[in-house]
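A short write-up of the structure that comes next.
The values are calculated or read from the model by the stated rules, or taken from the named source; none is laboratory data. These numbers come from a predicted model, not from an experiment. Backbone-built Cβ (ideal geometry, glycine too); neighbour counts: all protein chains shown.
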Amino acid sequence: MKLEGDVNNLEALKVSGSEATSELQQFLQDISKQSIALTEEMRKVDSLHGAKVPDSVFQPQLAAIQKKEKDFEQEFFTMAEKTKNPANAVFAISQVRNPEEIISHKQTITGLTTRFPKNTLVKSMTDKIAELEKNNQLTNGDAAGGDDEEATAVKVGMEAPDFTLPDPNGKMISLKSMRGKYVLLDFWASWCGPCREENPNVVKAFQQFKGKNFTVLGVSLDKTKDQWTAAIAKDGLAWNHVSDLKFWDSSVVPLYGINAIPTNFLLDPQGKVIASNLRGDELIAKLKEVLK
């Protein structure tokens, strides 16, 4: 099989030279059409955020587009599961940009190993995914927001360790510079599904309490700036954000003992941790308590 063109421009990608040509060419055409339509819908939702429409209008449309994104990614795994050609399967999975999404489809990956046990492309891909899973360090219990305070180096009652990291524009922001306000220190990433699911709750809290001496500082464990900033815009995260774009090698990971995300700490105006891992209604309730 021979691929000609740019894999980032699926519509223009030409496939030739094998029995799998027809299958992959049709898949690329279908995916290209879906990608164009999804991009246009995302643009419309982003414009709603820019127009500052009420959350009652914006949030349902945001949730709908996020579901469509997830369904779109599923198309690649479906292709990998149904194709009889290992190269097509590897190509399909290689187009998925969300590491956590790949890790969550263990059954699909295991199925490829079973179906194509001697294929070097499949072996190389599964080895890379295994390494990715090892580095990712996310578990369902941690990501679901369980009580994992004991797993972190920073505890309630301690002063939050200071750090300085760049924002998306390269401006250096230190945690100490936010003293004088209650701060939700929120560790997340664009590739983290549970983080993205929790973001609407953080947005709700920020909108409700931002005028009452409260703010949020988002600390991302992203690797690429484009994915980081796109997620900020898409989820409507209108507060300060910082990241050194080093994934789990970020300097804040050992500083705070982070071993799963989402993780958050609520700091008082003196920088002391007064709560951690607040989710949904718990976050709103705690902010109502301290911001009387």
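Quick notes
- Index of the failed condition, residue 61 passing every other in (1) under 24 Å from the mean Cα position of the chain (by Cα); (2) at pLDDT below 55: (2)
Yes/no matrix, rows are residues, columns are (1) surrounded by fewer than 22 Cβ atoms within 10 Å (Cβ to Cβ); (2) at pLDDT below 95:
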| residue | (1), (2) |
| --- | --- |
| 215 | yes, no |
| 219 | no, no |
| 230 | yes, yes |
| 240 | yes, no |
| 253 | yes, yes |
| 261 | no, yes |
| 292 | yes, yes |
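- Out of 244, 226, one residue alone is exposed (fewer than 14 other Cβ atoms within 10 Å of the Cβ), closer than 30 Å to residue 38 by Cα, within 17 Å of the chain's Cα centre (by Cα) and not hydrophobic (A, V, I, L, M, F, W, C). It is 226.
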